[in-house]
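Note sheet for the following structure.
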Amino acid sequence: MASKILTTQAELDAIFEKMEKDYGALNRRQQAYAIKEIGRVRGDLADLLADFADSDGTIKRQRASRILRELDGIERSLRQNGTLALENIIEESSEWTTARLAGVVGISTAGIERVNKHVIKYVIKRFGEDGLVLSDRIWGLSGEIRDDIATVIRSNIIKGEGINAMIPQIRKVYDNETWKVRRLARNESVTAHRAAISYNAQESDFVEWLQFHHGVKRTQACVDLSEEDRYGKGTGIFKPTDTDIWLPHVNCTGYATYILDERWL
Ligand SMILES: [Zn+2]
């Protein structure tokens with residue numbers, strides 16, 4: 001049975017090499033998707049400004065506090081769109097990874113469902129090195145964007161500038177925050193991808209050990225893991241339950257591969 005599923009370690013390594021390359025493309029698409037989804041509130045914001053503006057395009061000072069209060073709704077939309085986008089990305093990364101590995105290491109349909117459920121729960125609930133869970137990070141980011149928008153609106157109302165001057169400045173607020181959205185999409189997705197690799201190994205009868213490879217940037221935390229011999233099995237050899245190899249640092253480009261159990265070779 002084993003020989004039907006797996007052939008050699010070299011072939012398994014090739015599967016991982018191809019997967020990591022394809023995963024890079026998937027992740028770039030996911031980053032673009034998150035930016036688009038979070039940026040969708042720009043339309044609502046333009047409508048809001050238009051509602052408060054006079055026919056000459058300016059907003060009277062007496063209306064300033066009301067329009068700033070209306071930003072509560074914008075912030076709520078940022079949070080909702082951001083949460084949905086990030087959850088979709090996590091789910092996609094897990095399912096994408098599991099779809100590539102389940103057949104290779106002999107995981108049942110029930111096993112596949114179990115893996116994806118574990119991954120999604122883990123990634124959404126975990127505390128990152130920043131001490132925060134995903135919803136905190138989205139909450140923080142939405143609040144920062146809202147505060148920057150409020151500053152633009154307030155200062156333009158004081159100066160008597162019209163909404164035509166405000167809208168490009170608000171666009172700039174989003175552009176300035178893009179790297180944060182990108183980083184969030186990247187780190188959540190990578191964590192889901194690597195958690196899926198490990199959970200699939202846990203479900204499989206053929207894989208007991210993982211090999212961790214440091215990223216191209218040779219970040220110290222990453223290199224240390226790849227040189228660590230935690231179990232006397234060799235450097236960079238870890239168990240599928242070792243969660244510390246999933247995201248050793250932000251923007252990690254390291255990756256894990258399976259060591260084929262000798263019993264099946
Ligand atoms: Zn790394």
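The values are calculated or read from the model by the stated rules, or taken from the named source; none is laboratory data. Please read all numbers here as calculations on a predicted model, not as lab measurements. Heads up, the Cβs are rebuilt from the backbone with ideal geometry, glycines too, and the neighbour counts pull from every protein chain shown.
Details
- Top-ranked residue of region 251-262 - restricted to ones that are within 9 Å of the ligand (Cβ to nearest atom) and either in a helix (DSSP H, G or I) or touching a Lys or Arg at 6+ places or on another chain (Cβ under 7 Å) (or both), ranked as modelled with the lowest pLDDT: 251
- Filter result for residue 247 (closer than 29 Å to residue 137 by Cα, within 10 Å of the ligand (Cβ to nearest atom), assigned to a helix (DSSP H, G or I) and of a type outside the set (D, E, K, R)): no
- In the set (1) more than 15 Å from the ligand (Cβ to nearest atom); (2) of a type in the set (D, E, K, R); (3) farther than 24 Å from residue 81 by Cα; (4) not in a loop (DSSP other than H, G, I, E, B), residue 233 fails one condition alone, (4).
- Identity of the residue in region 140-160, among the charged types (D, E, K, R) and touching a residue at least 60 places away in the same chain (Cβ under 8 Å), that ends up nearest to residue 68 (Cα to Cα): 154
- Residues within region 206-230 that are among the aromatic types (Phe, Trp, Tyr) and either within 9 Å of the ligand (Cβ to nearest atom) or in contact with a Cys (Cβ under 6 Å, 6 or more places away or on another chain) (or both), tallied: 0
- Pairs with Cβ under 9 Å, 6+ apart, first in region 33-61 and in contact (Cβ under 8 Å) with a residue 60 or more places away in the chain and on the phi > 0 side of the Ramachandran plot, second not aromatic (Phe, Trp, Tyr) and not in a helix (DSSP H, G or I): 57/161; 57/162
- Any hit, region 176-194, residues being surrounded by fewer than 17 Cβ atoms within 10 Å (Cβ to Cβ), away from the ligand (no atom under 13 Å from the Cβ) and polar (S, T, N, Q): yes
- Hey, residue 140 within 30 Å of residue 59 (Cα to Cα) and either touching a Pro at 6+ places or on another chain (Cβ under 6 Å) or more than 16 Å from the ligand (Cβ to nearest atom) (or both) or not: yes
- Only residues that are part of a loop (DSSP other than H, G, I, E, B), touching a strand residue (DSSP E or B) at 6+ places or on another chain (Cβ under 7 Å) and either surrounded by 18 or more Cβ atoms within 10 Å (Cβ to Cβ) or at positive phi (or both) were counted in region 203-230, giving 1.
- Taking each residue of region 213-238 that is among the small types (Gly, Ala, Ser) and looking for partners that are modelled with pLDDT of 95 or more and away from the ligand (no atom under 16 Å from the Cβ) with beta-carbon atoms closer than 6 Å, six or more apart or interchain, yields nothing.
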